[in-house]
Every structure is written in C-alpha cells, then in structure tokens.
Amino acid sequence: MKRSLICCAAFTALLMAGYEADADTTNFAGTWVLDKSKSENLLRQFENGDSYTMIVTQDEHQLTVETKLEGGERPEGTGGMRGGRRVRGGAFGYPKTTYKLDGKETSVETQRGKSTLKASWKGSALELSSTRNLSFQGNEVTISTTERWELAEGGKSLKVDRTINTQRGTQQSTLIFNRK
C-alpha cells in the first residue's frame, strides 16, 4: 500500500514538472492582428473598428502588451483623430501593460485610477487578470478582466478567451489573432 502511494506521488510530481516545463517554453511575443471573422461575441468597438493590433514582447520575467485599435466610431467629444483616422491605444484604457510572469501582482496608476495586474501560468496557457478602479464622469467604476491566452496552429494564431465584469454585467468573448 505504501509503495503504491509513493509511486503515485512520484508519478504526479513528474506529471506536474512536465506541466510546468510547458509554461517556460510558451512565448507569446509578436505582432497579433484580430481576425474578426473567427472571433466570437466581440465588443462593439472591435466590431466597428478597422483593425485591432497587439504588440507583445516577452522575456522570462515579464510580458508587455501594447494595443492599437484603428477606425470605428467613438463617442462625441473624445477625440482620437490622427492623420484622418481614428486611433485608440490601449486594451480598455491601457496604452502599454506589463505583467510580471512570476505570479506577483503589480499596481499601476492611470489618469483615471488604480489598476492591479496579475499573470499566472496554467500549463502552456497564460491567464492575465486586471482589476481597475476608475473614476468615470464623476462615478467610481470597477472593471475586472480575465484573459486566457493560448497559441494555436503551431504559433500562427493566438486564442484569447476574455471575460469582463462591470456594474453593467459580464461580457465573454473569444478573440482570435493572427501573427503578422
């Protein structure tokens, strides 16, 4: 009985070591362009936009995401015109976001409030979470976002399962990006 338990524990340890090794080899670095035709349940700004691009850099310590959403309609008075095209940076208010890959939380101050960011490995997938406490038109707003990133098609595409929670409810989307 004891021998069976020891063998089972050793097998589980080996399995978990392999599981963690996958996380070390996954690199999401690159320029990713949203494929609206393959994505599901897009937010209005993505559906109406001409293009949504993520530039991802990654090393063993951190992952940085820069985003650019071009085109589409924007509420009046918010500007965003550049060279005759509407250009918006930042995934939901972040022009550039850096996550530490050791699982530790990071705090970021923005013009509208404070954000807490965290990344954690789930095998070869990466889970990114953010909680933003913002002041918007005099109201305090909390927005929580969770994303699960997975490479597909031999690294040619990136699947992002995104859940956004606000006072208005929950929005779930699947975003498919193609490597540029």
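Candidates SER115, SER135, SER157: the one that is in contact (Cβ under 8 Å) with a residue 60 or more places away in the chain and of a type in the set (Gly, Ala, Ser) is SER157. Remark: pairs (first residue in the range 165-180, surrounded by 13 or more Cβ atoms within 10 Å (Cβ to Cβ); second residue of a type in the set (Phe, Trp, Tyr) and part of a strand (DSSP E or B); Cβ separation under 9 Å; 6+ apart in sequence or on different chains) = LEU175/TYR52; PHE177/TRP32; PHE177/TYR52; ASN178/TRP32; ARG179/TRP32. Just a yes or no: is a residue in the range 45-54 outside any strand (DSSP E or B), hydrophobic (A, V, I, L, M, F, W, C) and modelled with pLDDT of 85 or more? The answer is yes, given that some residue of the range 45-54 is outside any strand (DSSP E or B), hydrophobic (A, V, I, L, M, F, W, C) and modelled with pLDDT of 85 or more.
The values are calculated or read from the model by the stated rules, or taken from the named source; none is laboratory data. Computed from a prediction, not measured in an experiment: that's the story for all the values here. All Cβ positions, even for glycine, are placed from backbone atoms using ideal geometry, and neighbour counts span all protein chains on display.
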